[in-house]
Each structure stands twice: as structure tokens, then as C-alpha cells.
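Read-outs throughout are calculated quantities, based only on the coordinates presented, and are distinct from any laboratory measurement. Quick caveat: nothing in here was measured; it's all calculated off a predicted structure. With ideal geometry, Cβ positions are generated from the backbone for all residues, glycine too; neighbour counts draw on all protein chains shown.
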Amino acid sequence: MELPVWDPSNVDGPTLDALRERASATRDTPWPVPLAGQYARYFRDGDRDSYEQVIWARDQRVSRAVALAAATGEEAWLDEAADGIALFCEQSSWCWPAHDDTFTRHGAVVPTVTDPYLDLGASEVAAQLAWADHVLGDHLDERLPGLRARIRHEVDVRVLTPFERRRDWHWLGLGGKVGNWTPWIHGNVLVASVLATDPARRATLQGLAAGGLERYIAALPDDGAIDEGYSYWWNGAGRLLEALELLDRPIEGRVRATVAFPHSVHLGGPWYLNHADGQARPAIDQPWALLHRAARRAGDAEAEAHAAAHRVPGGPVAHENQGLGRLLRALTDPAWRAAEPRPLTGGGDAWFPSTQVLLARDAAGLTLAVKGGHNDEHHNHNDVGSVVVALRGVPVLVDPGRPTYTALTFSPRRYEIWTMQSGWHNVPRIAGAEQAAGPGFAARDVAVEDAGLTLELGGAYPGDHRWRRKARLDRATGRVTVTDAWELAGGGGTTEIRWMVAGVVRPAEGRAEVDALDGAGTIALTWTPAVPCAAVVRELDDPMLSDVWGARLTRLDIDVSGLGPAGTLELTIEELR
């Protein structure tokens, strides 16, 4: 495998202009410098974001400079790129502190340079340097002799040699469990392997990387679903598709199915169905050229059109925040440059048996999404049986998503975070108890029927309760109904059916009206019997949440305790026109 030929005569002008404007604004400023104290903060107080923001700012500055130097050959940009490359080579660690095992193995809160950890961050820098070497090689040899040798040395000792020698990395998937790290790191190692000077070793590295990709493919479900949701598709299945393109491997079977995943879970406009740690409104500036190329290779016209809908004619084809490799590929993709956008609308109905997620749509109004599954999914939230309802593509009954990552996020204390708890999802609180985490806490007797899903939720909770939920979209009336029927096995706590709502909420007896975000319209929630309901306002001070939902979310707690240990409640959701 070799990286594709770089042709500076075929680059996209508007993208270069935008890169030059941003790069010129920072060129004469000090480079972002990651500090030991910032690295140590993760181990001291759990803050990982401060260090990562510095790293990403440096990464993007290098990518801008490399792209400009490769496209123009201008010495000023070549020097800027070389400065950034040298700083990466001098950086103590390419690993992000949240992933480093420096503390558990060595008792250190700063990088142990003699024992580098190969994580997402390290693999990203290795691939970035490989791409830089690929497109700037002759220029570097002429202007900065010796820098390419330094690149090869650092990539070797930090990434290639550890990848060969240490085979206990969890992301290798050798134990059968894989996640988005598996294709992400293996794909980056595949790119970095071109820096190995010995052809036999290069072939060995590429064989090991291809083996990791195969393990990820084997774990993909036949329906192409990603249990981490749309946001993580880009750095899971999307990374796989990039790597397969470099290997000139066909897109078929379950890999072809996953090309369809983004448009299948699209709700409308910038909104997507989110589960786990995904956002309902992720950054619109995704690497759409990647999906466009994959869809073309897979022969998936709908996926190609979905990607093309994000193409702004005459605008930049990519951004440096997508990574250097993705930027360079988009810069020289004439089909992506010429892609004709069409209005971005939600897809059709979808059913993913592997994750037990159903989407049913009424083109004129409401979309219903229901989730079964279990509480040990990747980036898991305790959300078995959760329902999302969108009005004209804008979520109204919502899954909040996740706040900024900290040390708590992937620790044994994960479920202390409110957004991970079932109490802040659209599921019941049964006899004072919320859902528990673990693979055994799962939906049962899941059945798809006529634009709806029926499932047993009791097994997701402690105790021996029965809770049958049926959620259905009636296209004839444009209404969604959610019917809950229960038989409780004791317990003295309150039983409530909870609904997370985005927008302006006006509760009344047995009823609530909600003005949706983005001016999408107003819906009414009506429940029978008209039992009491309390509105709990959750102020949002984390940008990962407030950038999506605004200043607050409201939780409607419908108290069904008075209906006794066995009862039924029906909720109707409809648009008020």
C-alpha cells in the first residue's frame, strides 16, 4: 500500500484561500505549547479538555501550513510547516493524558517517554506526519535536510515499534471486543507504515493493521448500525472506509450497509438521532468528502446525495479540523468539488435489529424513534426503552447527549454523571429505582409492528418488575402514542414516567404544550389518566449541551404511583397547527 499521488495542480482554490486566511492570522503568533501542568491535571482534578484544546490547536495549525506548502511550494509556508513538525517531534508525548497508562504503570502524572502509549492521539500525529512527509518530501529534503529522518525516528519509537511489540492494547480487538478505537488507530498506523524504510517491515506493519480492520469488520452488524450513534460513525466506520480505500478493498456486505447509516438516522437539517455519547446536533462541518467517496465506491446514491447536500458550491471542500489526511484527500477530489447539493431532508423509516432502534417518519410532521438494546453498549447511557420524538426534524422529546469529557466519564463512577442516568432519559422510574448498568439490564420481547415498537423494559431495572411499552406513529392522524403498562413487584418509592423536553414548555392538568426549537412548531402532550405531573428545569452550563439545546432542558415527571402496582398510562403527542 502507498499513499495516493499528490498533484498540486489539482487543488481546490477556494479551500486554499480559506486556509491561507486562517493560517495568516496565526503565522506570526507563538505556537500553542502543551504544558506538563495541563497534562497532570487529568490525574489531579480530572480536567482533560485544557490539554486537548492546546494539542488540537497545534494540530490544525500544522495541517494548514502543510496543505499550503504542498499546494504552493512557498518557502514561508514550508518553514511554518517545518516548525510545527519539529515541535511535534519534540513534544514529550503524542498520547492524550486521559488515555495514557503512565500513572498505572509508572506512578507518573507526566508522560513516560521511554514507554510511550499508543492511543488515538499518538496515532493521529503519526498519520499527520506521514501525510506531511508524503506531500512535502522533496521540499523538506531541499530546505530542511534531516527533518524527514527525525520524522521517521519519532514515528518509529512512539508508534510503529510499540504497535509491533506490545500486543495487550485493548483496541487491538484480540479479545473479541472492538470499538471505534480499533479502525481509528489501525487506519492511522496503516498510513504511518509508509514511513518504515524496510519494505519487509512495512508489509508486516500493514498486515497487522489490516488484521485489526478485519476484526472491526467482523464485529460490524449486518445492518451497519453503530451503537455509539451517528457522531461516532465518523471515527469508527468512517475510519474503516478510509483505510479500505487506501488498501483498494471493495465496499460490500455489512461495510456497504454502514455507508447508509448517517442518512438513515438523519432527522432533518442539522439534527440526527443521538444515543449514547452522541450529540443530537453535532458540528455540521464533518468530513463529508469521505462519505461522498465511500458512497460512490459503494454505489449508494442516497448516501452520496446526503453527503452532497452539505457541499456549498464554490465554498471550501474541507477544513483542517477534519485532519490533514482528510483535508488533502478532499482538496484533490474533483467529484466532491463538483458535487451538486440538494435540500437536506430526513430519510425513510429504518429498523436496526442489532441495536433495536426504530425510526418511523411522517413526512408532514412527527418522527418517532424508539430504542431497545441493553445497558452495556459502547459509550453507554442507561436508556433502554427511550423514545425520541422530532417535529419537522427538530427533536422535542430528546436524549440530552453528554457533557464535556472528564476523568469521571470513562471511570467506574460514570453513572454519577446525570446525562448517563436513566432518570434523565425518556423512560420510567420504577418504585424509586432507575435502570442499572450492565449487559443483563436489557430490553426483552422486542417486536416491530406497523411504524411502532413494543418491548418489555422491566429487565433493565433492579427487582422483578414488568413494564411493557408500546410506541407507535399513526400516519393517518399524524400522532405518536406511547402506552405504558406495568405490574410492579413491590418497592415503596415513587413511580414516574419521565420525558425530557427541549423548547418552551407550558404544563397544565393532564397536558403540556411545547414550542419546539428552531421555530419548528408546537406539539401537545396529553396523558390519560390525567395524573399529576411536575416540571423539573435543568439549567445547562456545559457547552457540549447548551450549544445543542440552549440554556435549559425541562423534564416532565408524570407520577403514576396513584394508579397502583398495576396500571396503564397512554401518552399522545401531536402537532398543534
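Brief remarks follow.
- Note on D557 and T197: the model spin-label points, each 7 Å out from Cα along the C-beta direction, lie 6.8 nm apart.
- Potential extension, E164-D141 segment - 0.36 nm per residue separation minus Cα distance: 5.4 nm
- Cβ-based charge dipole, region 350-576, positive-most Cα from T528, G478, V560: G478
- Ranked packing of 119-130, 518-529, most packed first, by mean Cβ within 10 Å: 119-130, 518-529
- Residues M420, M544, sorted so that the one with the fewest Cβ neighbours within 10 Å comes first: M544, M420
- For region 1-219, the square roots of the Cα gyration tensor eigenvalues, ordered a ≥ b ≥ c, give a/c of at least 1.5 with a/b no greater than b/c, which places it in the oblate category.
- Relative contact order of region 377-526, pairs being alpha-carbon contacts under 8 Å that are 6 or more residues apart, as %: 23
- Sparse packing (at most 14 other Cβ atoms within 10 Å of the Cβ) combined with a DSSP loop state is found for the following GluC sites (Glu not before Pro) in region 1-93: E2, E74.
- Applying 1/(1 + (r/R0)^6) with r as the Cβ-Cβ distance of R475 and R413 and R0 = 60 angstrom yields a FRET efficiency of 0.85.
- With each label modelled as a point 7 angstrom along the Cα→C-beta vector, the N10-S92 pair spans 4.4 nm.
- Between the beta carbons of K177 and E539, assuming R0 = 30 Å, the FRET efficiency works out to 0.20 to the nearest 0.05.
- Label point distance in nm, T406-F103, each placed 7 Å from Cα along Cα→Cβ: 1.3
- If the chain linking D376 and E340 were pulled fully straight, counting 0.36 nm for each residue of separation and taking away their Cα-Cα distance, it would gain 8.9 nm.
- FRET efficiency for D83 and A283, using Cβ-Cβ distance with R0 set to 25 Å, rounded to 0.05: 0.35
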